[in-house]
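Q: There's a structure below that I have some questions on.
The values are calculated or read from the model by the stated rules, or taken from the named source; none is laboratory data. Since the structure is predicted, the reported quantities are computational estimates derived from the model, not experimental observations. Counting neighbours? That spans all protein chains shown, and the Cβs are built from the backbone with ideal geometry, glycine included.
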Amino acid sequence: MKGRRMAAGMLALLLMLLGGMRQAQAAVYWGMRGTQVQQVQRKLKQWGYYDGDVDGVFGQGTYDAVVLFQRRNGLTADGVAGEKTLAAMGIAGNGAAAASAGVSASYQGDVELLARLIHGEARGEPYVGMVAVGAVVMNRVRSSRFPNTIAGVIYQSGAFDAVKDGQINLTPSEQSRRAARDALNGWDPTNGCLYYYNPNTATSPWIWTREVRLNIGDHSFAV
């Protein structure tokens, strides 16, 4: 009997450990159904990658949208929304990621993502110009015309060249992180601008129709 109890105890411990591993490795993939799939579909639809119904069913349309998102954002294009893909979408993962979530962790994640965008878009610009790029992101978050999260704004399809060409994945400098914190904490050198562009390299006819409010370094900031 004692041996049986020990064996049963070891089996229970093994099942707990395996369960913890499955939770930490949770991902959203083909064939799944439920609210996690809806979260992924909603994000992808919001950013223009997915045009199907937000029905919570991970099928061909959702798979294709995940692959497209991954390819455009420098991720492994396997069609599985794992930890890195979910993080890029601004969706909290399970297991260790969820356990470490909270106000502080969320803020630090926003700092790092915004810093990567600033580094990709504005490194080499005057410091105030780097903050201004971050401020444009924050202004978009507050605007009803754009997604209402930092990740949503940054990863909106076609929004930023640094996302399209992969520079978003470069390690940001400490100066970029400081600029991100300043923008997150409310410094807006642009006074509400929603757009910026380099007039020497811009090719979109539409961007030239925006009202320019100020110029900082190589960027024009507009509404």
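Q: Out of the strands (runs of 3 or more DSSP E) lying entirely within the stretch 113-223, which hold 1 or more residues that are among the basic types (K, R)?
A: Details: elements: 195-197, 212-216, 219-222.
Output list reads 212-216.
Q: Within the bounds of the stretch 130-143, is there any residue that is over 22 Å from N215 (Cβ atoms) and without any contact (Cβ under 8 Å) to a residue 12 or more places away in the chain? Break it down stepwise before answering.
A: The first filter runs over the stretch 130-143 and keeps only residues over 22 Å from N215 (Cβ atoms), leaving 141-142.
Now narrow it down to the ones that are without any contact (Cβ under 8 Å) to a residue 12 or more places away in the chain: 142.
Within the stretch 130-143, one or more residues are over 22 Å from N215 (Cβ atoms) and without any contact (Cβ under 8 Å) to a residue 12 or more places away in the chain.
Q: Of all residues in the stretch 185-205, count the ones that are within 18 Å of S143 (Cβ to Cβ) and β-branched (V, I, T).
A: Residues in the stretch 185-205 being within 18 Å of S143 (Cβ to Cβ) and β-branched (V, I, T): 1 in total.
Q: Please work out if V66 is among the hydrophobic types (A, V, I, L, M, F, W, C) and in contact with a Leu (Cβ under 9 Å, 6 or more places away or on another chain).
A: Yes, satisfied.
Q: A follow-up question, please. Counting only residues that are among the hydrophobic types (A, V, I, L, M, F, W, C) and modelled with pLDDT of 95 or more, which one in the stretch 182-211 is surrounded by the most Cβ atoms within 10 Å (Cβ to Cβ)?
A: C193
Per-residue answers, yes or no, for (1) at pLDDT below 90; (2) in contact with an Asp or Glu (Cβ under 9 Å, 6 or more places away or on another chain); (3) under 27 Å from M130 (Cα atoms); (4) outside the structural domain of V133 (by TED's automatic domain parsing):
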site	(1), (2), (3), (4)
L17	yes, no, no, yes
T35	yes, no, no, yes
W47	yes, no, yes, yes
V54	no, no, no, yes
L75	yes, no, yes, yes
R116	no, no, yes, no
H119	no, no, yes, no
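Q: Now for a separate question. Quick check on this structure: which one of V141, V136, V131 is in the same structural domain as L214 (by TED's automatic domain parsing), over 21 Å from V66 (Cβ atoms) and in contact with a strand residue (DSSP E or B) (Cβ under 6 Å, 6 or more places away or on another chain)? Break it down stepwise before answering.
A: Working: V141 fails: in contact with a strand residue (DSSP E or B) (Cβ under 6 Å, 6 or more places away or on another chain); V131 fails: in contact with a strand residue (DSSP E or B) (Cβ under 6 Å, 6 or more places away or on another chain).
So the residue among V141, V136, V131 that is in the same structural domain as L214 (by TED's automatic domain parsing), over 21 Å from V66 (Cβ atoms) and in contact with a strand residue (DSSP E or B) (Cβ under 6 Å, 6 or more places away or on another chain) is V136.
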